[in-house]
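The values are calculated or read from the model by the stated rules, or taken from the named source; none is laboratory data. Keep in mind it's a predicted model, so treat the numbers as computed, not measured. Quick reminder, even Gly has a Cβ in these numbers, built from the backbone with ideal geometry, and neighbours come from all protein chains shown.
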Amino acid sequence: MPYARINRKEQIALLIDDAHTFAPDSGIKAEHIIAGLRLRPIGELSLLIGMLVHPDHRGQGIGHKMMKGIADKLASNETYLFSLPHLVEFYQQHGFKLTAQAPNDIAQLFDKYTSQGKTLVMMVFCGLC
């Protein structure tokens, strides 16, 4: 999985291979992580970033399980994400909708990423919209 620098204020969700158990305080080895995602606070808002499922475990509903597991967190703040176009339908199934407008801090980040040549769409969590 790609490297990502984690901010201390971010909330992280991991799905660990259930074939392994860990003693308290022993740490989790990277090779046992099946999926992960991060929620980064941006002022009073949240940005869902870095959602990854290990290639060996894709197509098994793990991404859906992760999204269901953080549904309450998504609803607690106004949450945005920047999606690859082919993943829009996936995120729509979990309460996100396409948007072209966002608060300034989110819009600036989106502009920064897309100005680097990344093809992304912006989405906002709206629950059961």
*Return the total of residues in segment 51-64 being within 19 Å of LYS97 (Cα to Cα) and part of a helix (DSSP H, G or I).*
2
_Check on ILE70, at pLDDT below 95, of a type outside the set (Ser, Thr, Tyr) and surrounded by 12 or more Cβ atoms within 10 Å (Cβ to Cβ)_ = yes
*asked:* Just to be sure I understand the filter: pairs with C-beta atoms under 9 Å, separated by 6 or more residues or on different chains, first member in segment 82-111 and surrounded by fewer than 18 Cβ atoms within 10 Å (Cβ to Cβ), second member modelled with pLDDT of 95 or more and among the small types (Gly, Ala, Ser). Which pairs pass?
replied: PHE90/SER83; LEU98/SER83; GLN101/ALA107
*When you look at ALA100, is it under 24 Å from THR119 (Cβ atoms), at pLDDT 90 or above and part of a loop (DSSP other than H, G, I, E, B), yes or no?*
yes
*Quick one: in segment 85-123, of everything that is over 17 Å from the mean Cα position of the chain (by Cα) and among the acidic types (Asp, Glu), which residue is farthest from ARG40 (Cα to Cα)?*
ASP111
*asked:* If I go through segment 67-90 residue by residue, how many of them are in a helix (DSSP H, G or I) and under 20 Å from VAL121 (Cβ atoms)?
replied: 8
*Within segment 15-51, can you find the residues that are among the polar types (S, T, N, Q) and at pLDDT 65 or above?*
SER46
*Which pairs have Cβ atoms under 9 Å, sit 6 or more apart or on different chains, and link a residue in segment 56-81 that is in contact (Cβ under 8 Å) with a residue 60 or more places away in the chain to one that is surrounded by 15 or more Cβ atoms within 10 Å (Cβ to Cβ)?*
LYS73/ALA13; LYS73/LEU39; LYS73/SER46; LYS73/THR79
